[in-house]
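The values are calculated or read from the model by the stated rules, or taken from the named source; none is laboratory data. Keep in mind that what you see is a predicted model, and the values were worked out from it rather than measured. Glycine also receives a Cβ, built like all others from the backbone with ideal geometry; neighbour counts cover every protein chain displayed. Ligands, DNA and RNA are excluded from the accessible area calculation, which covers all protein heavy atoms including side chains. Shrake-Rupley method; radii C 1.70, N 1.55, O 1.52, S 1.80 Å.
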Amino acid sequence: MARHLIEGGEASSSLSERRTSSIPPAGDEGWEVTRRPESTAPTAVKPAPDIRWQDLPNKDQLFILALCRLSEPLSNVCLLPYIFYLVRSVLPASDDDSPTDNSAARISEYSGILVASFPLAQCIISLPWGRLSDKHGRRLSIIGGLFISVVANIGFGLSKTFGMLLFWRILAGLANGNVSIMRTVTAEVVRERKYQTKAFLLLPLVFNSGMVLSLALGGCLAEPVVNLPGLFGPDGIFNSSGNPDGVGWALEYPYALPALLNAFLLGTSLLLAVLGLKETLPGKEERSDWGLRAGRAIRRFITHLWNRGAIPHKYTMMEESEEAVFLNDSQPGLEKAEPSIATAKPAKVPFRGIWTRKVISALISFGLLPLHNSAFMHIFPVYLSSPPADNTEATFFAFSGGLGLRSAIIGIWLSVFGIGGILLQLFIYPRLQKRIGTRGVFRIALFMFPVTYVAAPYLSLLAGDHGARWVFLGFIVCAQIMARTMAIPSTVILLTEAAPAKTVLGTVHGAGNMLASLARAVGPAVGGYVFALGVDEGVIGLVWWLYLVGVALCALAWSYLTDGRA
């Protein structure tokens, strides 16, 4: 017995040393403006090991948070592969009922309004979401947004007029104004800086995964009678009524299936969040409610079933309080160190003190990226869906027409290259970030954007089924996705590092999300208008060269102008 106690004391000694070294600061120690010179004592000199995904702390919370992050890509980009055909199906006829009513130019204008309404609603509600979460907690804000997203997706799928599509789209945008809170929760769940680069990659990684899934679902499940005839066609498995045209509800609501599946997936995320997502607001981490208590009861029940029949052992897990007492008893020298860290109060930063020069610079970079990226995400599917034109007399700048691709092909192409973006984010971005830094990776992406936008419209001159068109299309999609994959996590990291204290992270990210949402609203609206203007003038590249390239060059120039300030 004595031997066991001695061994336990030695084990607890090493365990307590590890726990002391990994205790996250309760206040803003280690943050930008409150960093204290704690490293007077000798520290380890060997280089820090590479951080792996399995090394991240609180993986269960990060997993639930990642599923919650799917709400925005599923709700926002699912309609992009089929938006051309969706808008054409509900587009009201004009008074003169001319044959050009449903031209690509008119569809582009209406689809721009529909796409812009989601981020515009996000912009209006983002900062209030952030302030609300800073005051009352993160959990309620995330769960409430998910619930509204589920309802909005169901309503969008069952809508048959442009007005109702717009209403549910706005509601979904209001629900997803809490994206910034999820970024804040990431910083609060993973407090040690050595893990944060990896952790901050998680949400953009999930966002890209959600975009891949959403684009594939949107492209393949829209018009299921046409795209999935074996399931919904006249001889389809689900055509139990024997309708000669196919499944009745799929004919009446041809674009409902992607939205309904989105609602199901988000409902699953909602259930897991209710049962397992913990509060992370500093000072309220121990707060619980009926959902968390039910989640703990379910986990205990599942554990009991899993361990049924296992050989019982005499070891029991100590409660946290018991473990702390035992460790302090075995190492009395640690009693003074732990309370001094645990009782540190978070620094309070006044609202006006949040907006430092560094924060403002990071916010502008954060907003410039979606100003052109969101416009591309709207324009490119519309451009690919537009019917081709005869460009036999085309000049270097004056040519028109799209590629005339169906929604399923567009969705598959975008999703396949999105998978490449995920692999890039997993394996290439961390190595690049470690070698040249966050700002260096960000600049590589900023150089790639204008080159891609300059080249994209020349796809119109390759209309047809020959292989050169597909190779060039692959180059355009791959380059844009690579640039986006490197730029998005870089802007998030730069904005987080610019915050004067972590107690205001919710507000800083709320402001960033508000600005980015405004940019995502302006981008598609302006881009759709310029695209329509280019179609009317016979210059399909007008929106690419005048708008997308211009904004991308501004973002690149801004990164150099603010280099000294950063």
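Quick rundown of the values:
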{"read-out": "Selection status of Arg520, touching a Pro at 6+ places or on another chain (Cβ under 8 Å), basic (Lys, Arg), over 19 Å from Gln433 (Cβ atoms) and in a helix (DSSP H, G or I)", "value": "yes"}
{"read-out": "Test for Ser133: is it open to solvent by 30 Å² or more (accessible area, probe 1.4 Å) and either small (Gly, Ala, Ser) or modelled with pLDDT of 90 or more (or both)", "value": "no"}
{"read-out": "Residues within the stretch 217-244 that are out of contact with any Cys (no Cβ under 7 Å at 6 or more places or on another chain) and open to solvent by less than 30 Å² (accessible area, probe 1.4 Å), tallied", "value": "9"}
{"read-out": "Close pairs (9 angstrom Cβ cut-off, 6 or more residues apart or separate chains): under 17 Å from Ser374 (Cα atoms) in the stretch 434-451, among the hydroxyl-bearing types (Ser, Thr, Tyr) anywhere", "value": "Ala445/Thr485; Ala445/Ser490; Leu446/Ser559"}
{"read-out": "Members of the stretch 276-306 found to be basic (Lys, Arg) and open to solvent by less than 70 Å² (accessible area, probe 1.4 Å), listed by number", "value": "Lys284"}
{"read-out": "Conditions (1) in contact (Cβ under 8 Å) with a residue 40 or more places away in the chain; (2) farther than 27 Å from Val87 by Cα: number failed by Ala479", "value": "(1)"}
{"read-out": "Residue selected from the stretch 151-185 under the condition hydroxyl-bearing (Ser, Thr, Tyr) and within 22 Å of Tyr255 (Cα to Cα), by the criterion surrounded by the fewest Cβ atoms within 10 Å (Cβ to Cβ)", "value": "Thr161"}
{"read-out": "Any chance Leu260 is touching a Cys at 6+ places or on another chain (Cβ under 9 Å), assigned to a helix (DSSP H, G or I), surrounded by fewer than 22 Cβ atoms within 10 Å (Cβ to Cβ) and not acidic (Asp, Glu)", "value": "no"}
{"read-out": "Hits in the stretch 486-503 (condition: within 17 Å of Val185 (Cβ to Cβ) and open to solvent by less than 10 Å² (accessible area, probe 1.4 Å))", "value": "Pro489, Val492, Ile493, Leu495, Thr496, Ala499, Ala501"}
{"read-out": "Single unsatisfied condition, Ile360 versus (1) hydrophobic (A, V, I, L, M, F, W, C); (2) free of Cβ contacts under 8 Å to residues at least 40 places away in the same chain; (3) open to solvent by less than 30 Å² (accessible area, probe 1.4 Å)", "value": "(3)"}
{"read-out": "Every residue from the stretch 395-419 that is in a loop (DSSP other than H, G, I, E, B), crowded, with 17+ Cβ neighbours inside 10 Å and out of contact with any Asp or Glu (no Cβ under 8 Å at 6 or more places or on another chain)", "value": "Phe399, Ser400, Gly402, Leu403, Leu405, Arg406"}
{"read-out": "Search result, residues across the stretch 158-179 that are among the charged types (D, E, K, R) and within 18 Å of the chain's Cα centre (by Cα)", "value": "Arg169"}
{"read-out": "Ile181 being of a type in the set (A, V, I, L, M) and more than 22 Å from Pro57 (Cβ to Cβ)", "value": "no"}
{"read-out": "Extreme residue, nearest to Val535 (Cα to Cα), among residues of the stretch 91-129 that are part of a helix (DSSP H, G or I) and modelled with pLDDT under 80", "value": "Ala105"}
{"read-out": "Unique match (being assigned to a helix (DSSP H, G or I), modelled with pLDDT of 85 or more, over 30 Å from Ser400 (Cβ atoms) and of a type in the set (A, V, I, L, M, F, W, C)) among Leu432, Leu473, Leu426, Leu461", "value": "Leu432"}
{"read-out": "Selection count, the stretch 430-476, where residues are open to solvent by 30 Å² or more (accessible area, probe 1.4 Å), in contact with a Leu (Cβ under 7 Å, 6 or more places away or on another chain) and aliphatic (A, V, I, L, M)", "value": "2"}
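Conditions tested, residue by residue: (1) part of a helix (DSSP H, G or I); (2) at pLDDT 85 or above.
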| site | (1), (2) |
| --- | --- |
| Ala172 | yes, yes |
| Ala175 | yes, yes |
| Ala187 | yes, no |
| Tyr195 | yes, no |
| Ala199 | yes, no |
| Leu205 | yes, no |
| Gly219 | yes, yes |
| Pro234 | no, yes |
| Ile237 | no, yes |
